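The values are calculated or read from the model by the stated rules, or taken from the named source; none is laboratory data. Owing to the predicted nature of the structure, the values given are computational and were not obtained by experimental measurement. Here Cβ is always computed from backbone atoms with ideal geometry, including for glycine, and neighbour counts include all displayed protein chains.
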Amino acid sequence: MATPETTARRISTAGGGTAEGVTAQGAAEEAPVACSLTPAGLAAQADRWTRLADRAMTERTKTAHGLRIGFRPEPGAEQELRALVAVETKCCPWATWTVETSAGQVVLDIRSAGEGIAALHAMFTGLRPSRSC
């Protein structure tokens, strides 16, 4: 977890049912487009995203306001996604991170405004849907 001393830096890489919004849209619009994770924290988070994508990711779609990433609802996938989103909410508050669940999939909807949209489009580019789709 980032400390108050951590310098924010520009993002370059990262990495119906119920819905749970994680960040208020107003806060997302006001925060600078930067990540507060340390280099080690960023590497650990990227590794967790890669492991989840390798086992459960079904799609990654750019939207007008950010990204939608789909996952199979296999055991532990939703819990790991929510844990990852909890970290992202703290280190990247310029975006709104929402997890939606349904019988057939778990969907992460990430939204922002302005230059945050371009940053989201650039994030997670290394993640690919799992081969077992």
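Take residues that are at pLDDT 95 or above and tell me which of the strands (runs of 3 or more DSSP E) falling wholly in the range 13-86 contain 2 or more.
Qualifying strands (runs of 3 or more DSSP E): 57-63, 66-71.
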Applying the selection to the range 37-54, what residues are over 14 Å from the mean Cα position of the chain (by Cα) and surrounded by 16 or more Cβ atoms within 10 Å (Cβ to Cβ)?
T38, G41
Residue check for T89: within 13 Å of A53 (Cβ to Cβ) and either out of contact with any Lys or Arg (no Cβ under 7 Å at 6 or more places or on another chain) or in a helix (DSSP H, G or I) (or both)
no
What number of residues within the range 92-110 are hydroxyl-bearing (S, T, Y) and assigned to a loop (DSSP other than H, G, I, E, B)?
1
Identify the single condition in (1) surrounded by fewer than 20 Cβ atoms within 10 Å (Cβ to Cβ); (2) over 15 Å from A31 (Cβ atoms); (3) over 12 Å from the mean Cα position of the chain (by Cα); (4) of a type in the set (A, V, I, L, M, F, W, C) that A113 does not satisfy, given that it satisfies every other one.
(2)
